Amino acid sequence: MSPRVRVAVLMGGRSSEHEISLASARSVLDALDPERYDAVTVEIGRDGQWELGTGEDGSVIETLPVPAAKVPATLGNVDVVFPVLHGPFGEDGTVQGLLELAGIPYVGAGVLGSALAMDKDVFKAVMRDRDVPVTRNITLRQGQSPENPFGYPAFVKPARLGSSVGISKVGSDQELAAAVELAFEHDDKVLVEEFVDGIEVECGVLGNDRPIASLPGEIVSHGFSGADWYDYSAKYDEDGMDLLVPPRLGQATIERVQELAVRSFVAGECEGMARVDFFVREDGEVLVNELNTIPGFTATSVYAKLFEASGVPYPELVDRLVQLALERHERKSRLRY
């Protein structure tokens, strides 16, 4: 029998999405086949402290206030790392850079792909250069006066945050100023985006050099928070939204969504996994809104549901991602630097 692959599941993190990460990580741990994988947990606290434990009894091996000094050596004892971190300090290329320096295989996009997708401003610029249609926006930096060339309603969001944190839908110049001030509490770069009247659709992508798209799904938000858009409450509250797979779109539009999902994935230098979010206008025009390199990853999260509906059950999805990580590491180890 082949020795079990030792997987370190990296969870928690410093961002406001800490608890979401923990829920995703627990699902990954439950899905790893114990006959094939030996799981180790690595939890990063909101204070940045790393706790290295084991998947067997949950005991903490060591607590490290500064991860950079000792974490690479400790993680060097595992075969592959599965980062299940959302937002800054985890999904933005920082942890991926640490793992690259340590020479450890890891699941998901690399440094560039992670950093690019996290920065919605730069991501959209790259997509436009590759002729991938995206929603229109302008970018504001600290000290600039709020402006909105698109009319109302419009959206204001931090450039480098996730899960709808710090995002506002605005309907006037007065609301715009307050929303920009709020967004600047979370980032020093802020986007003002056009409002797109259309259906919200999401599509999963899986693979390295030959990525595949899942069936897309339509998001139907119930707006329990009082918001009329897909906000934090709709994403994470129980029964906050429904996912319709396939979406209520024609076959040609569904295929267009899948095509643009893969094109965005490739143009964004992604590997492993991503979830691409779209708007589809009434006339059938498909626009990419953003790409998430580590989407919510519980068994009931959108990414997992999309692949479940596409014939890839959750345990198989987790297994494929681990194998893709090992495959990429092996491929890159043959390069000459």
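The values are calculated or read from the model by the stated rules, or taken from the named source; none is laboratory data. Not measured: the values here are computed from a predicted model. Heads up, the Cβs are rebuilt from the backbone with ideal geometry, glycines too, and the neighbour counts pull from every protein chain shown. Side chains included, ligands, DNA and RNA excluded: accessible areas come from the protein's heavy atoms. Shrake-Rupley method; radii C 1.70, N 1.55, O 1.52, S 1.80 Å.
Legend: residue pairs K120/K169; K157/K305; K124/K169, Cα-Cα distance threshold 22 Å; pairs beyond threshold, K157/K305.
Ranked from the most accessible area to the least, with a 1.4 Å probe and all protein chains present, what is the order of V78, V266, V245? Walk me through the intermediate numbers first.
Details: V78 15, V266 85, V245 50 Å².
These residues rank, largest area first, as V266, V245, V78.
The GNM of the chain, with springs linking C-alpha atoms under 10 angstrom apart, assigns the highest mean-square fluctuation among N289, N77, N137 to N77.
Please identify the GluC sites (Glu not before Pro) of the stretch 67-168 that satisfy two criteria: DSSP loop assignment and at most 13 other Cβ atoms within 10 Å. Which are they?
Details: sites: E91, E100, E147; in loops: E91, E147.
Answer in residue order: E147.
Could you compute the FRET efficiency for V266 and D173, with r as their C-beta to C-beta distance and R0 at 45 Å, rounded to 0.05?
0.70
Computed about its Cα centre, the charge dipole of the chain is approximately 1140 debye, with only Lys, Arg, Asp and Glu carrying charge at their Cβ. Kyte-Doolittle cut-off 0.0, length cut-off 15 Å along the helix's own axis using Cα: show which whole DSSP H helices in the chain pass. The qualifying helices are 18-31, 173-184, 251-267. In this label model, E181 and S2 are separated by 5.9 nm, measuring between points 7 Å along each Cα→Cβ vector. A DSSP coil position with no more than 12 other Cβ atoms inside 10 Å describes the following trypsin sites (Lys or Arg not before Pro) in the stretch 262-337: R334, R336. Modelled spin labels at E327 and N208, positioned 7 Å past Cα toward Cβ, are 0.7 nm from each other.
Entry note, the chain: relative contact order of 18 percent, from Cα contacts under 8 Å with a spacing of 6+ residues. Counted over all Cα-Cα pairs of the stretch 126-211, pairs farther apart than 21 Å make up 36 percent. Computed on the chain, the Cα convex hull volume stands at 148 Å³ per residue.
In whole percent, how big is the carbon plus sulfur part of the accessible area of the chain, probe 1.4 Å, protein atoms only? Whole-percent figure for carbon plus sulfur exposure: 49.
Taking 7 Å steps out from each Cα toward its Cβ at D129 and E147 produces label points 2.4 nm apart. Highest GNM mean-square fluctuation among P295, P216, P246, for the chain modelled with Cα contacts below 10 Å: P246. Each DSSP beta bridge with both residues in the chain is either parallel or antiparallel, and the antiparallel ones are about 75%. What is the Cα centroid distance between the stretch 1-36 and the stretch 113-138, reported in whole angstrom? The stretch 1-36 and the stretch 113-138 have Cα centres spaced 29 Å from each other.
Taking amide H as placed 1.01 Å from N in the peptide plane, the amide H of V40 sits under 5 Å from that of V7, A8, V9, G55, each at least 5 places away or on another chain. Accessible surface calculations at 1.4 Å, restricted to protein heavy atoms, place the chain at 45 Å² per residue.
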